[in-house]
1. At 0.36 nm per residue, and after removing the present C-alpha to C-alpha distance, how many nm does the segment from residue 385 to residue 427 gain when stretched out fully?
2. Quickly work out the residue 297-to-residue 269 label distance, labels modelled 7 Å from Cα along the C-beta direction, and quote it in nm with one decimal.
3. Calculate, in nm to one decimal, what residue 461 and residue 240 gain on full extension: separation in residues at 0.36 nm each, minus their alpha carbon distance.
4. Could you check the spin-label model distance between residue 184 and residue 124? Points 7 Å from the Cα along Cα→Cβ, value in nm.
5. Quote the FRET efficiency, to the nearest 0.05, computed for residue 95 versus residue 214 with a Förster distance R0 of 25 Å and r equal to the Cβ-Cβ distance.
6. Exactly which GluC sites (Glu not before Pro) in the stretch 398-455 are in a DSSP loop and have at most 14 other Cβ atoms within 10 Å?
7. Amide H of residue 410 versus every other amide H placed in the peptide plane: which residues, excluding those fewer than 5 positions away on the same chain, fall under 5 Å?
8. With label points built 7 Å along Cα→Cβ from the Cα atoms of residue 397 and residue 419, find their separation and express it in nm.
Amino acid sequence: MENFAHSNGSTFEEALSLTMRRKLEMGNKKKNITFLRRKYRGMRSDSQSEKKRKRQDYKREKRLSKGKQVKAKDIIHKGHKQFALTWGMMMGVKMSVGSQLEFSSKLRVCELKVTDFMVVDKYNIPLEVEGMSSQFKFKDYAPLAFRNLRNFWGVDKYEYINSICNPKNNFLEFMSNSKSGMYFFISNDKKYMIKTLKGYECKFLRRILPHYFQYMVRNPNSLITQYYGLHRVKMPHLNRKIHFVVMNNIFHTPKPIHTMYDLKGATYSGRYVSKIKTNAKGSIVCRKDLNFLGFTNQGNDKKTIQAVSNFIQHLKLGKAERKLSFADQIASDSVFLAEMKIMDYSLLIGVHGIDPLQVPGYNGHGEVEGCNHYIGDEKEAALSLFKRDDGGFRGMNDDGTSNNEIYYIGIIDILQQYNLLKFAENKYKSYFSKECSTKISALPPKKYAKRFIEFIISSIK
């Protein structure tokens, strides 16, 4: 832990020392605050912090969207407001993964028992600031199950620790168009993503983990997000528990990404990103379903949109065998998610163009930069059919020759259940708009999966 020593005057040290000083003065006694006062204070602070976070996120997103250079303020350094959280993540993962024994034997599903998915390893990691001692708590959920998954996907233990837990390589803060309000971090080598979860999402992932484990092992070509670890950290100065998951970065490639799409199969008006945003200089925006179908607003008319053939994006996969393998995998993954009562997931597609100007919708000045230190993973390439071309799936012509595009594909956001809230949203939108009853996102899992499969397969050319 010496490598993680805090610089004087850092945000983390100030917050931590202040918290521990208050606890010493109060004797760890809680203040006698009424329920309404506590609730009002929480609402007020949450709204203020949310507005401030949105302003900062908007500015950061504009910088990172250029894809050319990462500024120091975007890196989670020792003076960053999120340094304490990422520091706790690093130390917890390093201690939990580092303490696990290595094994090289081939994975067998039968080696795991049901109880292995329920195990929770707990760690108390000591801290000392300004002569005051404290500790933060860390939990590692189902460590044996996730270790087996990492081994199956060919993730080296020491490379994994070095990528996530190396104090010299700070995290990058990554902003998404997600409405969940959760934080996204990305490792410095851009190979792994860390996403904070809500409590119910963590419980749901633990509940479906045995099914997820069995399905991913039996389907090595699956496009579903690969989860490498599920953890919880509780820092003393935050006074709340943070659940987070480590997962693969779909865009881990040396190739720049020229256009991105987030596809749900929903075609209502909200699944469209305006031409003003997509053509903004120096930015790359994640487009949606209607953009994928070629819809755009012509001239100065911002409201009226119509399909234009030059903007339609197809998945040109070549011979029938490649098309069939991709369609079968999309169908298989969707059926599994429907069985788990999951909906509202997306197919994230990144398109790299050998000649970028030939990529539909590319504006000529916005792209996501590739990884300069990318090293192809032979084990991963041997497992997944869709990651063998610099981490992606090369586009092909009907005669089997390569075309201009490489596709980077993955199914994301798989932790949304069809609960009472989604049921109410479905009924509300269906009642007020009959036209949108089959186009909205909030559909029951089976209907959602059917529409999702039909939409993606219809894009194959």
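1. Working: separation 42, 0.36 × 42 = 15.12 nm, distance 3.97 nm.
This chain segment gains 11.2 nm when fully extended.
2. 1.1 nm
3. Values: separation 221, 0.36 × 221 = 79.56 nm, distance 4.94 nm.
Fully extending the segment from residue 461 to residue 240 adds 74.6 nm.
4. So the two model labels end up 3.8 nm from each other.
5. 0.30
6. On the way: sites: 405, 425, 435, 454; in loops: 435.
Sparse-neighbourhood loop GluC sites (Glu not before Pro): 435.
7. Distant-sequence amide H within range of residue 410: 348.
8. 5.2 nm
All of the numbers you see were taken from the coordinates with simple rules; none came from a lab. No experiment lies behind these values; they were computed from the predicted model shown. Every residue, glycine as well, gets a Cβ built from its backbone with ideal geometry; the counts of neighbours run over all protein chains shown.
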